[in-house]
Structure formats: C-alpha cells, structure tokens
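Structure, as structure tokens:
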Amino acid sequence: MQARSSVGRRILAETQGSAVRPSSDGERTVRVRKPNRDARIGMRLGLHPVSGQVVISDLYQGYPAVETGRLFVGDAVKSINGVRIDSVDLAMQIIRLAEGNVEFVMTNVYTEAVSAIARGDSAKILGSVAARAPPPPPPPPVPAAAV
C-alpha cells in the first residue's frame, strides 16, 4: 500500500510499526525504543570532518537503532527528544538518560550541504572549514648573501 500524502505516510508508518515521520524539508523524525535507562540503542556518534555536525558513525546489529531500519551511518543528528544537538557529549548524555522512546530528528549531511549551496550559504560552509584548518607553516628563511 502506498500513501499519497504526508499524513497518509505517517498513518501508514504507524500502523505498520515503523517509527518514522518524514517532513518536507528533508528532515525525518525517528523513534527508537529504549526499554530502560541502562539499555543501549546500538549507535556510535561522531563529528563530521567538514560540516562539524554530529553524525552517526557506526550502527551495531541486534540493537534498536538498527531494528528501526530508518537510521543510517552518515545521518546528521539535528535534535534528540526536542533538544537541539551541537556536540557529541550532549547527544550521548540525552540518550543515556532517556527511557522509553528516544526521538531523533535526522537529516543527511550531503542534503544539508547541497541545500546551503542552493541558498547561497556555500561561503558559510567553506568558511567554517577554513576556520578549523591549522595555519600554514611560516616561510623558510632567506639565505644570507655572500660578499
């Protein structure tokens, strides 16, 4: 069965046991079931080397994050349980303290970069990369002239 509208897709996803709600701006909301505070959901997070966003760097088989079928390595984490994510430590703390459903708002890093370029924000992306780059080494000394 194929739904035609976003409302229909959401209803269909909920009735079929899927835990995803896509949106029109490329973001998607994924709910991962965490039975208790001590349970692990089976994902590793890291920073994207270019964009600096928190991304999924690894998923582990047999854990709830993989079982959703909606989380992928390389996805950027926008928010967790309604909290905007700007560091890996913050994301891990929210996940560790959560119990029940953990709600992720995700997007693809590539989609985010393409959208920024289309909006004319490519200088912002390139500027943030340049800001994190180490400074160039000093020039070599000029040899003394022989007299």
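Answer yes or no as to whether Arg31 is farther than 18 Å from Asn108 by Cβ, modelled with pLDDT of 90 or more, open to solvent by 60 Å² or more (accessible area, probe 1.4 Å) and assigned to a strand (DSSP E or B).
Numbers: farther than 18 Å from Asn108 by Cβ: yes; modelled with pLDDT of 90 or more: yes; open to solvent by 60 Å² or more (accessible area, probe 1.4 Å): yes; assigned to a strand (DSSP E or B): yes.
It is true that Arg31 is farther than 18 Å from Asn108 by Cβ, modelled with pLDDT of 90 or more, open to solvent by 60 Å² or more (accessible area, probe 1.4 Å) and assigned to a strand (DSSP E or B).
Of (1) farther than 20 Å from Asn108 by Cβ; (2) in a helix (DSSP H, G or I), Ala65 satisfies all except one. Which?
(1)
On the basis of being modelled with pLDDT of 90 or more, surrounded by 14 or more Cβ atoms within 10 Å (Cβ to Cβ) and part of a helix (DSSP H, G or I), does Ala116 make the cut? I'd like the intermediate steps shown before the answer.
On the way: modelled with pLDDT of 90 or more: no; surrounded by 14 or more Cβ atoms within 10 Å (Cβ to Cβ): yes; part of a helix (DSSP H, G or I): yes.
It is false that Ala116 is modelled with pLDDT of 90 or more, surrounded by 14 or more Cβ atoms within 10 Å (Cβ to Cβ) and part of a helix (DSSP H, G or I).
Considering (1) in a loop (DSSP other than H, G, I, E, B); (2) in contact with a helix residue (DSSP H, G or I) (Cβ under 6 Å, 6 or more places away or on another chain), say which one Arg37 fails and leave the rest.
(2)
The values are calculated or read from the model by the stated rules, or taken from the named source; none is laboratory data. Computed from a prediction, not measured in an experiment: that's the story for all the values here. Every residue, glycine among them, receives a Cβ derived from its backbone with ideal geometry; neighbour counts consider all protein chains shown. Surface areas here come from the heavy atoms of the whole protein model, side chains and all, with no ligands, DNA or RNA. Shrake-Rupley method; radii C 1.70, N 1.55, O 1.52, S 1.80 Å.
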